[in-house]
Every structure is written in C-alpha cells, then in structure tokens.
Amino acid sequence: MLRREAGSSTVHREVKPLREKWREHWEKRHEVLAPSLERANRWGTGLFWGMYLVAFYIAVFVLLPHYKHEDDGYVPLIMQIGFLAVEAALNWWVTFAVRSPVPREAAAGGEVEDGLPVGWKTCVICQLNIPARAHHCKVCQSCVLKRDHHCFFVGRCVGFRNQRHFVVLCFYVAVGLLYLAWMESGYLAEPFHHWENYLLLPALWDWLWGGVSLEDCLVLAHMYASAFFGLVGLAYFLWEILLLLSGTTSHEITHGISRYATGTLWHRFRSVMGDYGVVQFLVPLPFLSQPGNGIDWEQRAALAKCH
Ligand SMILES: [Zn+2]
Ligand SMILES: [Zn+2]
C-alpha cells in the first residue's frame, strides 16, 4: 500500500508484518477450499449414515428371518445386531460431539515476552499461540489439541479428547461390516450354488435369465460394499492402534517427529484411552478421566535439545 505524507513528496511503502501476510494468504486459500471441504464433509457423513441404515435394513429384514434359530428364535441374532448397531451409532456420536479445541486462556493470548515455549507455534488463522502437537484444521476452522487427522466420515477432527472414541468406532465398524458380509455370503449360498456366481457379472447374467432374484443380486452387491468398508474400518483401527502404541499421531509419524513418544506402552495406551480404556469398548464414557491436559507434553530428553 502506498501512502504520501502531507506536505512531502516522499512516498512510503507500508510493510505488512509477515504474520498478517500469512493470515491473508490463508484466508484467500480458505475461500477457495471451504466449499469443497464442506461438501466432502457432508458427503462423508451422509455416506456413513446411508451405509448404516442400509446395513441395518438388510440385517433386520433379510438376514434375521433367514438365520432364525429353530430353538432360540430371533433372540441371539437380535442381540448381536442390536449390540453392534448401538455401539457404532453411540461411538460415532461421541466422536462427533467431543471436540478438542485449544483453550483460549492456554493460548498465551499472542503476547509472549520471552518467545514461545518449546514446541509452541502461532496459528496465523486463529491468531493464537498453540501448544505442541496442536494443529489447525481447515474444515473445523479451529486449532485442535493433539490433532491426528480430520475424519470426513465423522465430520470432525480426531484429536486429544475424542481419539479413544474414534478407535472404538473403527473397531465396531470393522467387526459389524465384516460380520454382515460373512452372514450375507452364507445367505447367498443356497441360490448361488457355486463360487463363480458370487462374481457380480455372472450373478447379473443369471438374474437376466431368471436364475436368481434381484434381491439376491442386491444383497451380493451390498456384501462387496460391506467387505470393502469393513476392511477400511479395520485398516483405520490397526493404524490407530499402531499410533497409540508408538505414542505418535498421523501428522507426527508422516513427518518423522518422534520426540513426544515417551513412556512405556501402558503409559501410551492410557494417554489415549484413559484410565478405564477397556470399558470404553463396552460403553463410551467421555467424562472418564484422561492423563494430561493436551497442552503440556513431555519430550524425549535427547530429542528435546534438537528442537
Ligand atoms: Zn488455528
Ligand atoms: Zn477438522
């Protein structure tokens, strides 16, 4: 910006502070990216609940009558389907509802006389000084404590406070969908006879010539979708377990940062899953205590000096 002082012919060029420039740069980028990120968020959560409702419909109205046990009736299967459905829905909701924002009072208000504490940095978008392991999320439009990644199926960031519920959610998505795919393959054993019929194209050919029903073809297509998303859930679950045991986050592991990987395996497990980690697999209890505050992180002594 050019400014001419009154009564003078000198032209001064105002130099914007670097932080201000970065902020403008990010705001411009956000204007371009925001609509597509919001759309991806809506599609991701819509896909999750669409899959959930279709899986529930097939389990209750197609598989339940087929697998009805002669002696016990519907009860054992209703309990299995009900348990998996409730666990997936509850853990999705808790992962969505529990957020890990950087508390404003902890963010040093942007005024630090002796420089930022080790590991802290400034978020130019939020205009906050944020602690180690916190990162800004363009979709959530805020800084998130111990940010792991943004999950588009949940529509929220996975961070310090909800990572444990995300781990459990992945577990139940994997178990539920792979179990469903296995039950669907058993359901199709009768009309399909041979393994070649499990391939989609031969099955559609059979349907055209009246060999199998359209319903069986749809169950077959859903079996593939369930197996695929079940394996995606399993991959995410195993990845999160790897992060949990290695004491890192997705961001840190991909950027080769290992200085926060402190303590024993039990210490690392407790740091994410909390004091009653195993109980979280039965009932999601977000209010149960978790070690630390997500702001102060111990560093490995040898690596802390290199910072
Ligand atoms: Zn931020
Ligand atoms: Zn996010």
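The values are calculated or read from the model by the stated rules, or taken from the named source; none is laboratory data. Here the structure is a predicted model, which means the values were calculated and not measured. In this analysis, Cβ positions are derived from the backbone assuming ideal geometry, glycine residues included, and neighbour counts consider all displayed protein chains.
Tabulated data
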{"quantity": "C170 being out of contact with any Pro (no Cβ under 9 Å at 6 or more places or on another chain), in a helix (DSSP H, G or I), surrounded by 21 or more Cβ atoms within 10 Å (Cβ to Cβ) and modelled with pLDDT of 95 or more", "calculated": "yes"}
{"quantity": "Hits in the stretch 127-145 - residues which are part of a loop (DSSP other than H, G, I, E, B) and within 13 Å of ligand 2 (Cβ to nearest atom)", "calculated": "A134, K138, V139, C140, Q141, L145"}
{"quantity": "Checklist (1) touching a strand residue (DSSP E or B) at 6+ places or on another chain (Cβ under 8 Å); (2) without any contact (Cβ under 8 Å) to a residue 60 or more places away in the chain; (3) part of a loop (DSSP other than H, G, I, E, B) applied to F160, failing item", "calculated": "(2)"}
{"quantity": "Of all residues making up the stretch 19-35, the number that are more than 18 Å from Q127 (Cα to Cα) and loosely packed, with under 12 Cβ neighbours inside 10 Å", "calculated": "2"}
{"quantity": "Filter pass, L188 being buried (at least 21 other Cβ atoms within 10 Å of the Cβ), closer than 26 Å to M79 by Cα and not acidic (D, E)", "calculated": "no"}
{"quantity": "Matching residues in the stretch 173-203 - criterion: being in a helix (DSSP H, G or I), farther than 20 Å from I81 by Cβ and either touching a Gly at 6+ places or on another chain (Cβ under 8 Å) or not aliphatic (A, V, I, L, M) (or both)", "calculated": "E190, P191, F192, W195, E196, N197, Y198, P202"}
{"quantity": "Flag for T95 being surrounded by 24 or more Cβ atoms within 10 Å (Cβ to Cβ), among the hydroxyl-bearing types (S, T, Y), closer than 30 Å to V32 by Cα and touching a residue at least 24 places away in the same chain (Cβ under 8 Å)", "calculated": "yes"}
{"quantity": "Test: residue in the stretch 226-243 that is touching a His at 6+ places or on another chain (Cβ under 9 Å) and surrounded by fewer than 19 Cβ atoms within 10 Å (Cβ to Cβ)", "calculated": "no"}
